[in-house]
Amino acid sequence: MSRRFKGQKLLFATHNAGKLEEMQALLAPRGVEVIGAAALGLAEPEETEHSFIGNARIKALAAMRATGLPALADDSGIEVDALGGAPGVHTADWAETPMGRDFGLAMRRTHDALQAAGAAEPWRARFCSVLVLVWPDGHEEVVSGIAEGRLVWPVRGAEGHGYDPMFIPSGEERTFAEMSAQEKNRISHRARAVEALMERCFT
């Protein structure tokens, strides 16, 4: 049975500033203040699972255990059909450098892989987001959201984060990075996951 979240502040187990801003914007209309893990000085746990739900659960449980508070975590990424679903759960790994994450590099790497595979356009892809909300007594809620679309090259737009400049959602001609935050938040994978979470835990 689903559980209603009754607090006014929600701990979001992320150190990604872009994800945090997006979640804050999505939940603000519900009167929920979202606090990121970095603001509380929480360490980032190692993501050792091979699924979005597994890695989201690792992050949510680590934050909940460190604070004693209900914690929400997201694991998300982009799946490219012509690359067998890669990078998928390894999306952030494709951006890793000794100096931190560089998604410009990750997008170039993805384009190079498509070229090497001889993949013809359109390059079908989807953004996937899984949200796991856990309470200190062990209760857990899991929801997901998907945004179907295609990849483009060269990348376009300066908004958003991650792979947004490379991704055009279905039914649109602009990349996520060419949209305002409000436009993206109406149709993004994370927005759809949050909508499912709202229906289950906040209404």
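Placing unit charges on C-beta atoms (Lys and Arg positive, Asp and Glu negative, everything else neutral), compute the dipole magnitude of region 9-67 about its Cα centre in debye, rounded to 20.
240 debye
Compute the distance in nm between two label points, each set 7 Å from the Cα along the Cα-to-Cβ direction, one at Ala113 and one at His15.
Here the modelled spin labels are 2.3 nm apart.
³J(HN,Hα) across region 56-71 via Karplus (A = 6.51, B = -1.76, C = 1.60, θ = phi - 60°), whole Hz, x for Gly/Pro?
Once θ is set to phi - 60°, the couplings for region 56-71 become 5, 5, 4, 5, 5, 5, 4, 5, 5, 5, 6, 10, x, 10, x, 9 Hz.
Cut-off 10 angstrom, C-alpha nodes, Gaussian network model of the chain. Which of Asp74, Asp164, Asp112 fluctuates the most?
The residue with the greatest mean-square fluctuation here is Asp112.
If the cut-off is a Cα-Cα distance under 21 Å, which lysines reach Lys184, setting aside same-chain residues fewer than 8 apart in sequence?
Straight-line reach from Lys184, under 21 Å: Lys19.
Could you pull out the trypsin sites (Lys or Arg not before Pro) across region 6-115 that fall in loop regions by DSSP (anything but H, G, I, E, B) with no more than 11 other Cβ atoms inside 10 Å?
Sparse-neighbourhood loop trypsin sites (Lys or Arg not before Pro): Lys6.
Set Lys and Arg Cβ to +1 and Asp and Glu Cβ to -1, take the dipole of the chain about its Cα centre, and tell me which of His90, Pro165, Val132 lies farthest positive.
My answer, from the dipole projection, is Val132.
How far, in nm, would the chain grow between Ser51 and Arg186 when pulled straight, counting 0.36 nm per residue and subtracting the alpha carbon separation?
Here the answer is 46.1 nm.
Could you size up the charge dipole of region 1-103 around its Cα centre, putting +1 on the beta carbon of Lys and Arg and -1 on that of Asp and Glu, and report it in debye to the nearest 20?
Computed charge dipole of region 1-103: roughly 820 debye.
What longest region of the chain stays clear of GluC sites (Glu not before Pro) that DSSP places outside H, G, I, E and B and that have at most 10 other Cβ atoms within 10 Å?
Segment 47-172 is the longest.
Placing +1 at every Lys and Arg Cβ and -1 at every Asp and Glu Cβ, with all other atoms neutral, what dipole size does region 129-196 have around its Cα centre, in debye to the nearest 20?
With only Lys, Arg, Asp and Glu charged at Cβ, the dipole is about 260 debye.
What does the helix-only formula give at 222 nm for the chain: each DSSP H stretch with n ≥ 4 adding -39500 (n - 2.57), the total divided by the residues, and the result rounded to the nearest 500 deg cm²/dmol?
-9500 deg cm²/dmol
Here, each number is a calculation from the coordinates, and none is a lab measurement. Fair warning: this is a prediction, and the values are worked out from it, not measured in the lab. In this analysis, Cβ positions are derived from the backbone assuming ideal geometry, glycine residues included, and neighbour counts consider all displayed protein chains.
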